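Structure record follows, encoded as C-alpha cells.
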Amino acid sequence: MFIIIHCIDTSVSLTALGFQNTTMHFVTEFVLLGFPGQREMQTFFFFLILVVYLLTLLGNGAIVCAVKWDRQLHTPMYIFLGNFAFLEIWYISSTVPNMLVNILSDTKTIAFTGCFLQFYFFFSLGTTECFFLSVMAYDRYLAICHPLHYPSIMTGKFCVILICVCWVSGFLCYPVPVVLISQLPFCGPNIIDHFVCDPGPLFALACIPAPSTELICYTFNSMIIFGPFLSILGSYTLVLRAVVRFPSRAGRTKAFSTCGSHLMVVFLFYGTLMVMYVSPTSGNPAGMQKIITLIYSAVTPLLNPFIYSLRNKDMKDALKKVLRLRINQN
C-alpha cells in the first residue's frame, strides 16, 4: 500500500533554530496505521472492537436511563454513577468510531485539525474520568466513615457542584498541552503508528526536538494522574479501615467485595495511564502502546457498568423496572 503525504510547500526561516536556507514541507494530515496486517485480521479487529463499543454503549446507556427514570436512584451515589456512565459513552466515542472507520479505510488519514481535536477531547474526557473516580471514592468515604453526617454534607447542591467541577475542570486542563504540541513544526513523515493521535508519536514526528514541551506535558500528566489517584487511595484506605471494624461479618464481606471491585477498575485504568504517560521517554514499542491504550480507552468503559453498577441490587431492580415500563408503553 502506497501512502501519499499531503503537504504545503512553505519557505520558512529557521535561523533561530540553527538552520539556514531550509524549506519546510508542513503536513496537513496524518496517517494512523492502526492495526496493520492481513485483511482477515483487520476484519476480526473491526468486529471485535465494534462489539465492545456496542456493549459499552448498551451498558452505560442503561445506567443513564435507570438513574434518570427511577426516582429511588435520585441520590448522590447514583447521580455520580449516572454521570460517570454518561461520561464513558462520550469517552469511548471520542476514539472508537474513528478507529473503526480507519480499519476499513485504504488511506487511513486524519486531518491535522481533526487529529488535535481528537487529542483534546480524548484527553479531556479521560481527565474528567480521573476526577469522577476521585469524587466517587470521596462519596463512598463519607457514606461509610461518616454515615450520620453524610446527608448534611453530600446535599443535592453540593453533589451538583462536584459534578460541574469534574466536567469543567476536565475540559479546562488540556488546551495548554494541545496548543503547545500543535505549534511544533511537522514537516514529514506524517505516519503515526497508532490508532489515536497520542502525544508520544506526535513528539516523534516533530521536525525539531522539544524537550521543554515534553517536560511540561510530562509534569502536567503526572499531576493529573497522581493527584486523583492518591486521593482515591486515601479515601479507600480510610473506608477499608472503617470496614474492618464492622460488627457484622456479612457487612464486612459485602463492603470488601465492593471496594475490591472498585479498586480493580482504578488500578486497571490508572496503571495503564501511568505506563503510557508518566514517563516522557518510556520507550514502549508501538504494539505495546496500542494494547495499553486499548485497555484504558475501550476495555475499562466496558467493565465499569458491570463493576460499579450492574452488580448493585438497587440498580438491577431499577433496570428491570425501566425495562418493564418501556415494554408496557410499546
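Could you provide, to the nearest whole Å², the per residue accessible area of the chain with probe 1.4 Å?
51
Under 5 Å between amide hydrogens, which residues at least 5 positions from F26 or on another chain qualify, with H placed 1.01 Å from N in the peptide plane?
When sequence neighbours closer than 5 places are left aside, the close amide H contacts are I8, T10.
Multiplying the sequence separation of M288 and W90 by 0.36 nm and subtracting their Cα-Cα distance, what value in nm do you get?
68.8 nm
Leaving out same-chain residues fewer than 8 places away, which lysines sit with a Cα under 24 Å from that of K316?
By straight Cα distance, K316 reaches K68, K254.
Tally up the carbon and sulfur contribution to the accessible surface of the chain as a whole percent, 1.4 Å probe, everything protein left in place.
Here carbon and sulfur together make up 69 percent of the probe-accessible area.
The values are calculated or read from the model by the stated rules, or taken from the named source; none is laboratory data. Since this is a predicted model, take the numbers as computed values, not measurements. For the accessible areas, the whole protein counts, side chains as well, though only heavy atoms, and no ligand, DNA or RNA atoms are used. Shrake-Rupley method; radii C 1.70, N 1.55, O 1.52, S 1.80 Å.
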